[in-house]
Amino acid sequence: MKRTLENIEKQFETFQILNEQGEIVNEEAMPDLSDDDLKEIMRRMVYTRILDQRSIALNRQGRLGFYAPTAGQEASQLGSHYALEQDDFILPGYRDVPQLIWQGLPLYKAYLFSKGHYIGNQMPEEVKAVSPQIIIGAQITQAAGVGLGFKKRGEKTIAITYTGDGGASQGDFYEGVNFAGAFGAQTVFVVQNNQYAISVPSEKQTAAQTIAQKAVAAGIEGIQVDGMDVLAVYAATKEARERAINGEGPTLIETLTYRYGPHTMAGDDPTRYRTEDTDNEWEQKDPIVRFRKYLESKDLWSEEEENEVIEKAKEEIKAAIKEADNTAKQKVTDLMDIMYEELPQNLQEQREEYAEKESK
């Protein structure tokens, strides 16, 4: 049994295309991306890093509510998203707001989501996604169902869902991947292993050497990817998507990544469970720095272009937070109205009471 396990674990070597120096180390796996595609991916990564920095500042000013930092995970989030088609359906976790924004969610709505405003949970019709899931792992079983629905309809579309390494410790994770495997759902499961869940190291969450190998028990494909390498993440997700729509079943993708900030801005202190040496080690793997080196070696990126992206991000963020701030505050009666088509008598009486209070 021990030899069997060791043989399985040997099959899950980390997939990488771009090393930490920005050099291609796996030419055969290089995805078919144009120069414009490469530059667009970089624009999105830089924009998202600025978005994260400004969102943290806004949170500290009391202008946002719940916020989960994303710096360090841009390659994992945006590399996988760039491999999708517009009609693919996203079921995100609470750290995965960037994918929704690049899917078409207006930025001001992303800020309203953070504020807990119901409008922030209203997806535009063209945005194929649900609101970020706060319950850890709950989106995984939902994604299995959505992917099965696409299969039964005969649609060349997938469901993709995201969670962290902590989510892979939940019962929903095992139920979701097992269900998807049993019924051949058109689903891609992305576990962004940022090493610590909230504060517990990965090695204390599971005896498995990788999260990717858990695909074996579900009878589905699994792969571990360098989550700081945007090209590797893109290539792995693209292949997983093609397999799903061609009837070859779901895939579990584990991206090895790192969040540079706290778990959330709600009081988490990462210095209590992470060392300075560990932080420095992962900073040397920064996905933006790595990809910048690669693009500069191809004369595809410059400091001037990056500054343009940064300034554009700042302007759009400023406008978005202003729009969010100017949105009418939600009322108790609003919550009642959007919850029920027809209010029960007892709630109708309560609504009248609140409506009277709100009118003053």
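Just so you know, all these numbers are worked out from the coordinates, no wet-lab data involved. Keep in mind the model is a prediction, meaning the values are calculated, not measured. A quick note on method: Cβ atoms are made from the backbone with ideal geometry, for glycine too, and the neighbour counts reach across all protein chains shown.
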Computed over region 5-142, Kirkwood Rh from alpha-carbon pairs, angstrom: 16.9
Global size of region 196-335 as Cα Rg and Dmax, reported in angstrom: 20.4, 58
Highest average packing first - 307-317, 158-168, Cβ atoms within 10 Å: 158-168, 307-317
Separation in nanometres of the label points that stand 7 Å from Cα toward Cβ, at LEU33 and ILE8: 3.3
Percentage relative contact order, the chain, counting C-alpha pairs under 8 Å, at least six apart: 23
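Rank the residues TYR354, TYR111 as a footprinting-exposure proxy: fewest other Cβ atoms within 10 Å of their Cβ go first.
Going from sparsest to densest Cβ surroundings: TYR354, TYR111.
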Region 92-140 versus region 1-66: alpha-carbon centroid distance in Å: 20
Förster-model FRET efficiency, 30 Å R0, ILE24 and ASN307, C-beta, rounded to 0.05: 0.70
Partner aspartates and glutamates for LYS322 [C-alpha distance under 19 Å; skip if fewer than 8 residues away on the same chain]: ASP52, GLU311
Average Cα contact separation per residue, region 4-91, under 8 Å, 6 or more apart, as relative contact order %: 19
Dipole of the chain [Lys/Arg +1, Asp/Glu -1 at C-beta], most positive-end residue of HIS117, GLN99, ASN26: HIS117
Debye, to nearest 20: dipole size of the chain, +1 on Lys, Arg Cβ, -1 on Asp, Glu Cβ: 880
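Under the classification rounded if a/c is under 1.5, otherwise prolate if a/b is larger than b/c and oblate if not, where does region 176-275 fall, given a ≥ b ≥ c as square roots of the Cα gyration tensor eigenvalues?
prolate
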Convex hull (Cα only) mean projected area of the chain, reported in nm² to one decimal: 21.0
Over 19 Å between alpha carbons, listed pairs LYS152/LYS238; LYS285/LYS312; LYS329/LYS360; LYS109/LYS238: LYS152/LYS238; LYS285/LYS312; LYS109/LYS238
Ranked packing of 183-191, 56-64, most packed first, by mean Cβ within 10 Å: 183-191, 56-64
Cα-based convex hull volume of region 1-56 per residue, rounded to whole Å³: 155
Qualifying chymotrypsin sites (Phe, Trp or Tyr not before Pro) for region 250-323 [loop in DSSP, other Cβ within 10 Å: at most 16]: TYR273
